[in-house]
Structures are given as structure tokens and as C-alpha cells.
Amino acid sequence: MSERAEGIGNEGFLIDADSALNAQNEAEIRLFVRIGNKIETFYDAGLKPYFYAIANGSAEETRKKLLAESFGEQQAKILNAENVEKENAENALKLEFKNTNDLTAAREELASFPSIKERREFDIPFARRYLLDRQLKPMGAVEFSFNEKDGKKFVGEIKSADSGELPKFRIGSFDLETYTEGGHFSDAKQDPIIMASYADSEEAIVFTTGKHSHNEKDVIHCASEEEMIAALVNKLNEKNLDVIVTYNGDGFDFPYLKERAQKYGIKLNLGADGSEPSIKRHGMDNAVRIHGRQHLDAYALVRLLSRFADLNLVKYDIESVVAQLFGEHKEKVHYTEINEMWRSGKDFGKLIDYCREDSKAALRIACEYLPLCIELCFLARQTLHDVSRSSSGNIVESLLIGESFLTNRLIPNRPADEIVEQRIMQSFVGGYVKEPIAGLHENLAVLDFRSLYPTVIISHNISPETLNCAHSDCREKNSAPSNNWFCVKEEGFFGSILKRVLKQRMELRAEMKKHEKGSPSYMQLHAKQYALKIVLNSFYGYLAYARSRYYSRECAAAVTSWCRSYVQDVGKKAEGDGFVVIYNDTDSEFLKIPENKTKKDVENFVEKVNSELPGNMQLEIEGFYTRGIFVTKRGAGEQEAAKKRYALIDGSGRLKIVGFEYVRRDWAVIAKKTQKEVIEAVLKEGNPQKAIEIVKERIAWLRSGSVPKEELVTFTQIKKPLKSYEAIGPHTAAAQKAIKRGKQLDVGSIIGYIITRAGKSISEKAELEEFVKQGDYDADYYITNQLLPAVIKIISEFGYTKEDLLQGGKQQTLSGWG
DNA sequence: TAATTCGCTAGACCGA
DNA sequence: TCGGTCTAGCGAA
């Protein structure tokens, strides 16, 4: 065995990192690095698992005492204990261990050790600890040296190398089709896999045991399920992928494949180290990890992205996602149809295409968001596997953890359950929302504060350690309306992070403008700035989040109190300048530009406001609108104007519809479409009479009984186990009935239902769309409970009543408008 | 495993 | 048949 040394000059991309035990039972980090066409494994034994203990009294005495202790059944020892200086703690000891088992044993016992006040950073997974301490970015370039010893390569020095461009990662996806009997969901214990597809940038092939057709292009016929599984595994391994993509591989494809492979004794050696995928519980779901590579479950990713708000989906099935993202129609084959196609051989080609398209679609979704995910890997210093299954809170937390590390601070612990509960009990006041002036308004300017919450945090130096400092001048100069004040003498922890993130994002956005829209460099810049946007948008939420390590109710309440005061102050200034404030919501000013004023006056006003705002707070012009409509509330309090629902139209005829049924998934399509057309008629053409005609026409259509199902579906999410519902509404009733018919519905499923004619109450009439025959719908329900409520408040702003919509010729009752 | 508060509306159910 | 109270879901920011 030769031993050789290399310079730091080795380069590659860090695909995965995990921890393992070596033959001496010592913890080692395994690094999987893409070098050329290979993923190579390196080891690092240079970092020991550790955590911190804060001593009650003298750290030195405690240190000696601890070194003499042994912990747990294995009599674990502390390898090394060191006195360390930390910015935010005294008497801190760094305790190192041989492996994570020893660490775990010690941390349990030290919880109730008299001379130890607190334990810190004891729940950071070791691989993550390593990435943090070595400042490495998963999916990023690394530069390193290594030595070979006993056939294992040990890294010496390793560091993140900033390569300008993202490499071409090897990425491929697969998908399975399974046999389904009698309309039931497949069970891996008995139902075979009948088809599998694989797709990457070069090919898209289908494996099948089907005998019905031959000679299709890129179809591989296998003699048995066993042979097919082996062929799929071979294909995946031959490709040596960095990223394996699935659509719900966590919940379905991998567990299913594993079970079937087991049946035949096929080894699912998909890991870069030849290991099998490991299935772990991840909350209510599974997460499937492939060692040495990354498993990107596009379904998990889509769910994550939809929480970042920009991706708003009615349903999460792959067809809906493709339609929403790429505007393309993908044929859906229902699992009951798969069974039929399989047995009869009729439309077998369609089944093959469906299977192939599934893989292609999953791959496409993954590729679309891979740049963003990689940026999140960089920000959070977590693997693609982890970030793609994480949350906005987790990403912000990672950033704060990273900053704590860099500034030599101890990371705060996760709060105990009792504390979480206390925090939840103590809520606080949020943003200010002004009751709008209802009616049709012309000539509007909408202003908003750029990144309001972050800029308030920065400008007022809001942070836990600057809170209520001892200086009287800080108290005088920098008191929040919520009555706390913040030190102005030194930059706070929160502010320093946000300042950097905000600055970086602005630079990226400026740089973006220099690149051709849609070009690779543009897309990469876009992903970078978008990742930062996610952080900026969720930062405040994280510090107000009860389970946050960095929770501060005082800081959160100070942020909102300042924001309320700014938005109201600017409103007063606008009124003082002769504008009419129509509406405010948190960070926005809706101004009516009076006859004697112009856009230029608005610009001047904004400039004046900005010259008076502190720090990097900034008011911006969101847009000018020729018309806008605000409506009154429904039900009780009819005269009051409704907040959070309005519609605007700009000079180019572009509509902006906010809060109305049109943007909600839990309304019937026909009601939403009609509402949009009514808004359009009223705003674009100023023609309420036309709106009336549209509604009348839809009523007649509904009455005719010929409205197709797609127009009548309402989507709602099952948010908890069906048993735990106290109130059974239409969606719960429809779900219950569907389950009785053998449909599988889990928490989180989004169901589409229709109100049929059969039954008394609305709930009784509700049925899942797939069980409803064309034409079986309750026209009265759709007219009275969907169509009319969606349009009446808009039309009534013009003096019309419900009767004008329902009756034949009757015209307006007239009350002044326009 | 989990970001926040503010706000609107529906449908079930109850009692007058 | 009405209004009030409750649960529930979803959207705005």
C-alpha cells in the first residue's frame, strides 16, 4: 500500500457528507466529492464530535472533574475538555468525544450535573457540525489535500473554493407504475411494479414487463418484474448520478421499490458507496436518503416552495404542477385506468407515454429549481437532501447558526416544550390594516416600503443583545412604540446579518440587469437573489416563532410597532399633501391622486418621505393604476369595507386581483372565472351593465344543467386526520364518503369536490369529483352559494342588487356612481 | 416536523 | 327564517 501526499490543489464538488464509525470505533466524516466522472469518497478524522458546557462556578475545576467522569453503559470518557472564550457566555467548556454515541451518553448525564449550568450545541448532527466548522458548502466547489492510508483517502486541508459557475451536475429521474386491483391503492406486499421509467438530459426510457406491444422506441421489454428492477438499478448505477430525482419518491417510489427488490433478493445498491437507500421518518412522512448522492424529491420540494408563496398551487399532483410551472398540459392516467390498460392491452402505448412523461416532468421540475436549491445549500450549509425537505424557519435558523459560529457566539438551545407553550400564549400585535374606502376609485398610486421588516430591524438595530441597553441616550433616541429601546452604539447581531443579506441581494439584482434575461448567468444570479429573498421574508417570522432558538418577543413586537407607526405616519403626510389614503396593509399606501396632482407629485412625495426615513428604510412606488375597486363585507356588518380584497387595473389593462374568491382555491371554478370577468368589465370598460349580462348568462348556463365538472370543482385540503374534525363540512363529508369507496386520502391531500343533487345539506351533497357523473350538480347551490356571492359585492358598488341578476329584464335601481 | 399576525367567508348548529 | 356562535380554510402582508 503506497502512501502519497498531494498538494491542496485537488478540486471537486462536494455532493454529500455523513458521519461513520471506523474500525477503532472513532467518528469519521465521509465526504463524497464529484471529480470528473467519478464520485470519490474521502475521510476526515480531524474533527471530534463536541458540545459545550457552561460551568456554574469555576470552569477549570469543572473541567478537571468532568475529565475524571465516565458516562452511560459504555463508560464513555471525555477525550478533551477545553476552556473557551465566547462572546455571549462565560465559563464555557468545549467537550470533545471519540464518537457521537459517547457524546450522546455524556450529554444525557450532564443535563443534571450539579456543577453544570447549561449544555449548548449538543443537538447539532455531526456531519452538519463538520460542514459548519470547516465552512464547507454542499454542492459547491471544494479544494483539498489528501493522504492515502490503508486504502482510505484522508483529507488534510479542505476549504470551500468559490467557483464562479455551477457545474453540470449529473441528474436523472425515475418513476414507477404499479398494478392496482379494483380501484385500490397498490400494496407493495402483493402488487407488482409493471413499468418503470428513467429520464435524464440525454434519454427517456421505459422498462416494462408488459407483453401487449412491441418495437416502441426507447422501450425495454423485460421478462419479469425481477429483471425489470435489476435493469432499472443498473441504469441508475451506470449513470453514476449526483442527483436522483423522483416525484414523491420519499412516500412512494423508494419504499415500494425497496420492498419489491427485497422480495427478489435484489440489492438496491444505489448509493455512491454501494449502500441501499435509507428510509427515515421525517415528521409524518418518510425521507429517503441515498448515501453519497442526493435524492431530490420534487414533490417535497414543490411543497416547500409553495410555502415561500411565489409558487401558488391548487393541487400538488405532477400534472397540476407542470401546468402551473410550464403552462403545459400533461395527460393524467388515473390509477384505476392503469389496471385496465395493463390487462386489456388497450391504449398500452398511452400507458408507456404516461410513465415516461412522469420521469421527464419530475426531472424538469427539479432542474427548474436546482439552482435555487443549491443556493440554499450554500446559505444553510446543508445538503441538498436536507434543504429540499426543510422549511423557511430552518433556513433562517441555519443562517443565524452560521453567524453565531463566525462571531464566536454559542448557539442558543431549542426551547423546551413548556417554554414553547408560554411563548404561544403570549402573542403580540402585528401589522396595521386600514379599513379601505369602499367603491370605485380612479387614478391610484400604490406605494410600499421595500423589505419593511428587515429594514426596520437594521435601521433601529433591533436584536436581543441590544434590547433595553443601559444608555439613556439610546433610550431617548431609539425607543419603539412598543416601549422597548435598542442600543445604537454597536451593530446588533440580527442587523448585521440582514444588512449583509439585503446589500448582497441588491447587488445581485443590479448585476442581473446586465445579463440577458433567461441566459444561464442570469438564471444563476436570479436563483442567488431569490434565496436571499426567502431569508429576508422569513427572518422576522422566525424570530417570532415559538420554537425558534433565536426567539425574541420583544424584538418582534418592536418591529411591528415601528412598522405600524411608519405606515400611519406616511399616510398622514400623504393626506397633508392633498392625497387621499384609500387603504393601508402593513407596508403599503394606496393613494388617490386628486385632479390637481400628477404622477410627478407622487414621486416628489416619495422622495420627501425617503429623505426623512432612517437608515436603509425606503418607500417605493409599486405602481400607478387607472382604476381600483374596494368592496363592502358580506354577512354581518354589510356597510363596513372589506380589508385584504381589492382589484386594480393599470394603464396597460393589466388586472391585479387580491384576496377575492378568484385567487382562492376553495371556490368553484365557474364562480372564480365569472368574478374575474365581472371585475374586468367594471375596471377595464367601466361597464357594469356588461357585467350583469355575463352573470345572467352564467346563471342560465348553470340552470341548463350542462356545465361540465371542471367548472364546478372546489379544492380544499384535508388538514388533519378525519376523525379529529369537530365540524363536518362539505370537504370532510366528501372525503369520508370517498374513503368508504376505497380511496386513499391522507393528511395534506387536496381534494376536489362537487355539490351534487343527492342529499339534504350541502355536506350530504358533496362528493369527490371523480365519483360524480357529468351533469349531476345542484344548480341552485352553484348560483346562490358560489356565483352570486362572488360577484354581488362588486356589482352592488354600482347600485345593482341580487334581483337585477336573477330577474329577466329589470334594470338598475340607481344610486350614484362614477 | 413546525415562520408571524390580520382578516374574510362558509357552513353547521342553536335558539328565538 | 333570522342572527349569533363556533369550527375551518385560505389568503395578504
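The values are calculated or read from the model by the stated rules, or taken from the named source; none is laboratory data. Please read all numbers here as calculations on a predicted model, not as lab measurements. Positions of Cβ are generated from backbone atoms using ideal geometry, with glycine treated the same way; all protein chains shown enter the neighbour counts. When the accessible area is computed, the model is the full protein with side chains, heavy atoms only, and any ligands, DNA or RNA have been set aside. Shrake-Rupley method; radii C 1.70, N 1.55, O 1.52, S 1.80 Å.
Largest first, the residues A:263, A:137, A:189 sort by 1.4 Å accessible area into A:189, A:263, A:137. Solvent-accessible surface (1.4 Å probe) assigned to residue A:784 amounts to roughly 80 Å². Model label points for residue A:419 and residue A:237, set 7 angstrom from Cα along the Cα-to-Cβ axis, are 4.9 nm apart.
When only alpha carbons are used to place a centre, segment A:668-738 and segment A:141-210 end up 42 Å from one another.
Both radii come from the Cα set of segment A:683-786: Rg as radius of gyration, Rh as Kirkwood radius; their ratio Rg/Rh reads 1.07.
The residues of chain A present an accessible area of 45 Å² per residue when probed at 1.4 Å with all protein chains retained.
In terms of packing, defined here as the mean over residues of other Cβ atoms within 10 angstrom, the peptides A:578-588, A:647-657 line up highest first as A:578-588, A:647-657.
Spatial offset of segment A:768-791 relative to segment A:508-524 amounts to 46 Å, using the alpha carbon center of each. Residues whose amide H comes within less than 5 Å of that of residue A:149, counting only those at least five positions distant or on another chain, are A:154 (H built at 1.01 Å from N in the peptide plane). Once the Cα-Cα distance is subtracted from the 0.36 nm per residue extended length, the residue A:727 to residue A:546 segment shows a gain of 62.4 nm. Most simply put, segment A:111-265 has about 75% antiparallel DSSP beta bridges, counting only bridges with both residues inside it.
The listed residues A:485, A:562, once ranked by accessible area (1.4 Å probe) with the largest placed first, stand as A:485, A:562. For the residues A:446, A:488, a 1.4 Å probe over the protein chains yields an accessible-area ranking, largest first, of A:488, A:446. Averaging the sequence gap over all C-alpha pairs within less than 8 Å and six or more residues apart, then dividing by the number of residues, gives segment A:200-278 a relative contact order of 21 percent. Fraction of C-alpha pairs exceeding 14 angstrom in segment A:147-190: 76 percent, rounded to a whole number. Expressed as a whole percent, the proportion of Cα-Cα pairs in segment A:256-338 lying more than 20 Å apart is 54%. Here is the size of segment A:448-560 from its Cα atoms: Rg then Dmax, 16.4, 54 Å. Rolling a 1.4 Å probe over the protein chains gives residue A:471 an accessible area of about 70 Å².
Computed with every protein chain present, the accessible area of residue A:61 is close to 130 Å² [probe 1.4 Å]. In this Cβ point-charge picture (+1 for Lys and Arg, -1 for Asp and Glu), segment A:666-806 has a dipole of about 480 debye about its Cα centre.
In chain A, the C-alpha radius of gyration followed by the widest Cα-Cα span (Dmax) gives 30.5, 97 angstrom.
The relative contact order of chain A comes to 9 percent, based on Cα pairs under 8 Å that sit 6 or more residues apart. Taking the charge dipole of segment A:490-570 about its Cα centre, with +1 at Lys and Arg Cβ atoms and -1 at Asp and Glu Cβ atoms, the residue from A:506, A:555, A:544 reaching farthest to the positive side is A:506. Full extension of the chain segment joining residue A:744 with residue A:689 gains 15.1 nm, where the gain is 0.36 nm per residue of separation less the Cα-Cα distance. Length gained on full extension, residue A:483 to residue A:353, computed as 0.36 nm times the residue gap minus the Cα-Cα distance: 40.4 nm.
So what's the net charge close to residue A:428: Lys and Arg +1, Asp and Glu -1, counting the other residues with Cβ under 14 Å from its Cβ? Around residue A:428, the charge tally is +2.
In the calculated pair-distance distribution of segment A:98-161, the portion above 14 angstrom amounts to 70 percent of the Cα-Cα pairs. Note on residue A:509 and residue A:84: their simple-model spin labels are 3.7 nm apart, each label 7 Å out from Cα toward Cβ.
Do the alpha carbons of any pairs in A:267/A:743; A:315/A:676; A:514/A:600; A:499/A:599; A:599/A:673; A:360/A:720 sit beyond 26 Å of each other, and which pairs? Cα-Cα > 26 Å for A:267/A:743; A:514/A:600; A:499/A:599; A:599/A:673; A:360/A:720; rest within.
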